[in-house]
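Undergrad: Dumping the structure here so I can ask a few things about it.
Values in this text are rule-based calculations from the coordinates and carry no lab data. What you see is a predicted model; the values in this text were computed from it and never measured. For neighbour counting, all protein chains shown are included, and Cβ atoms are generated from backbone atoms with ideal geometry for every residue, glycine included.
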């Protein structure tokens, strides 16, 4: 016997996360502790070969300055001193310029770029028309009979980002749910409201130039979600997002 | 006499060879019975050149304020880590609760979708990911040439 048609419409939504590319800055306690650990390790350690060589050469230099015994000491003299080596290494380090941790996109607060806030998770928000309102939401499409909810979510991702997205979806099960009833004007016996099931995926490829973005989109962090999402929706979404 | 001697040689040789083979087999059995030699863990053996006394670092002893500061910092760190751990555990619990709720609602909707959702995802594991670095990758960076020679000692038992 076929089940009676349920009054809830089903939607599958995809929360696409771009994982952090750089480490988060250390807290004050973490920095203090790291310094302390370094100090303790230095105290418990012994001299390394390089340090012994440096100490001996300093001794030699000192003795030469004080008592000018060049000829006798010159027997054990090395061409390159340990201090010179250290200076050379220091110079080499200073000449290397790593990529900046705070990018241009950060400075301009360009929320459509993926290069912003490299130390936290970014998720995709799109502007969708629900009823007669234009809202910022996680990309969602309605479920069609014959597909699993996970494929609905994949379809949602493909609708907004094109087919060439490499994303690893974390499992078949939904991570969260947002249930809402339609306003009384639209509500009927068979169409009480909608349930939106959220799925999570990690973005694998960092280059989205292939993507055909159709609507307005944003990549935002968890704390910036509050600027765009409605409070009830935000509450449900925040439950399945780790910072 | 010509006929007898070659015959003796053969018998004695055969017996002697047999006896030799048996002795060799016994020796091999003894060696095999002995316990296999342990593979030394190189990390646990300090090389002798580091037990020299002139390697010992000479630093001034710690002042009272310094020891106090260290003890207090350790206590602060304990508290910090405890709070961090509790926050993590709470976050994971909310995650699990949210998922359970979603699955409950899905079950109310349709049984077959629920069964599809709780099926195991074979393609998920093994899951690999490169960890975050301190600075983002530099576009167009040319690393210096070099060859990495592996000199680890490999022991066979």
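Undergrad: What is chain A's relative contact order, in percent, from Cα pairs under 8 angstrom and six or more apart in sequence?
TA: Numbers: 322 pairs, mean separation 80.2, N = 243.
Averaging sequence separation for qualifying contacts and normalising by length gives 33 percent for chain A.
Undergrad: A further question follows. Take peptides B:39-49, A:116-126, A:43-53, B:96-106 and line them up by average Cβ neighbours within 10 Å, highest first, as a rough protection proxy.
TA: Details: B:39-49: 8.0, A:116-126: 21.4, A:43-53: 12.5, B:96-106: 17.3.
Result, highest mean first: A:116-126, B:96-106, A:43-53, B:39-49.
Undergrad: How large are Rg and Dmax for the protein assembly as shown when calculated on the C-alpha trace, in angstrom?
TA: That works out to 35.7, 130 Å for Rg and Dmax.
Undergrad: Within a 10 angstrom radius of the beta carbon, how do A:136, A:219 rank from fewest other beta carbons to most? All intermediate terms of the calculation are to be shown ahead of the outcome.
TA: Working: A:136 18, A:219 24.
With the fewest neighbours first, A:136, A:219 line up as A:136, A:219.
Undergrad: To continue, here is another question. Averaged across the residues of B:57-65, what count of C-beta atoms belonging to other chains lies within 10 Å of each residue's C-beta?
TA: Values: counts 7, 1, 2, 0, 0, 2, 0, 0, 0.
That works out to 1 on average.
Undergrad: Could you please rank B:58, B:63, placing first whichever residue has the fewest other Cβ atoms within 10 Å of its Cβ?
TA: On the way: B:58 5, B:63 9.
Ranked by crowding around the Cβ, least crowded first: B:58, B:63.
Undergrad: So what's the back-of-envelope 222 nm ellipticity for the protein assembly as shown, counting only DSSP H runs of four-plus at -39500 (n - 2.57) apiece and dividing by all residues, rounded to 500?
TA: Values: 10 runs with 164 residues, N = 400.
Value at 222 nm, helices only, nearest 500: -13500 deg cm²/dmol.
Undergrad: Ok, one more. Using a basic spin-label model with each label point 7 Å from the Cα along Cα→Cβ, how many nm lie between residue B:155 and residue B:79?
TA: Placing both labels 7 Å beyond Cα along the Cβ direction yields 4.8 nm.
Undergrad: Counting partner chain Cβ atoms within 10 Å of every residue's Cβ in B:97-110, what's the average?
TA: On the way: counts 3, 11, 10, 1, 7, 16, 5, 1, 8, 7, 0, 3, 8, 6.
Rounded to a whole number, the mean comes out at 6.
Undergrad: Ratio of alpha-carbon Rg to the 2.2 N^0.38 Å globular estimate for the range B:14-157, to two decimals, please. Let's see the in-between values first.
TA: Numbers: Rg = 31.9 Å, N = 144, 2.2 N^0.38 = 14.5 Å.
Normalised by 2.2 N^0.38 Å, the Cα Rg of the range B:14-157 equals 2.19.
Undergrad: If you rank A:188, B:152 by fewest surrounding Cβ atoms within 10 Å, what's the result? Mind showing how you got there, number by number?
TA: On the way: A:188 8, B:152 5.
Result, fewest neighbours first: B:152, A:188.
Undergrad: How big is Rg to Rh over the range A:41-180, alpha-carbon atoms, Rh as the Kirkwood inverse-mean-distance radius?
TA: Values: Rg = 32.1 Å, Rh = 22.7 Å.
Radius of gyration over Kirkwood radius for the range A:41-180 works out to 1.41.
Undergrad: Just to confirm the number: angle between the C-alpha axis of helix B:64-109 and the first principal axis of chain B, 0 to 90 degrees, nearest 10?
TA: Relative to chain B, helix B:64-109 is tipped by roughly 80 degrees.
Undergrad: What distance in nm lies between label points placed 7 Å from Cα along the C-beta direction at residue A:45 and residue B:58?
TA: Going from the residue A:45 label point to the residue B:58 one covers 2.0 nm.
Undergrad: How far apart, in nanometres, would the label points at residue A:99 and residue A:81 be if each is projected 7 angstrom from Cα along the Cα-to-Cβ direction?
TA: For residue A:99 paired with residue A:81, the spin-label model returns 4.1 nm.
Undergrad: Roughly how crowded by other chains is peptide A:146-153, in terms of the mean Cβ count from those chains within 10 Å of each of its Cβ atoms? Spell out each step's value before the answer.
TA: Values: counts 0, 2, 6, 8, 5, 1, 1, 0.
Neighbouring Cβ atoms belonging to other protein chains average 3 per residue here.
Undergrad: Just the number, please: percent antiparallel of the DSSP beta bridges in the protein assembly as shown, rounded to the nearest 5. The partial results should precede the final answer.
TA: On the way: 24 of 35 bridges.
Restricted to the protein assembly as shown, the bridges split so that about 70 percent are antiparallel.
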